[in-house]
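FYI, it's all coordinate maths here, none of it is from the lab. Bear in mind that the values here come from a model prediction, so they are computed numbers and not experimental data. Cβ placement follows ideal geometry from the backbone for every residue including glycine, while neighbour counts extend to all protein chains displayed.
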Amino acid sequence: MVIISKKNLVGFAGVHAAAKEPLNNWYAITKKSDWKDFNGLKNTFGSVDAAGNDRYCFNIKGNDFRLIVLITFKIRTVYILWFGTHGEYDKLNKLTGAKNVKFQK
């Protein structure tokens with residue numbers, strides 16, 4: 001898969017150092033993957049959730065952190081949208097919902 005943008009992951013890891021290794025593992029696995037649909041994604045990451053509007057939520061470092069991405073399976077592209085603690089995710093989900101998170105450069 002093509003991942004846009006690794007810079008976002010590096011920034012997230014700078015804020016949450018405990019997530020650096022798990023984020024790097026997620027990145028390596030995702031980059032090597034060739035998902036055609038949600039079923040393929042789910043086979044790779046069993047705990048991934050579909051949030052709606054092509055957004056998917058990953059548990060990082062067990063359930064300590066959440067990563068929201070937008071995936072366009074047709075063009076094999078993953079857009080990194082948001083990363084935070086489980087508590088921050090709960091607040092985000094109450095305010096706007098994960099399905100409404102937008103890509104920010």
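Take the conditions within 15 Å of residue 8 (Cα to Cα) and either hydroxyl-bearing (Ser, Thr, Tyr) or in contact (Cβ under 8 Å) with a residue 12 or more places away in the chain (or both) and apply them to residue 79. Does it pass?
When the stated conditions are applied, residue 79 passes them.
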Matching residues, segment 1-54, being of a type in the set (Lys, Arg) and within 14 Å of residue 71 (Cα to Cα):
31, 36, 42
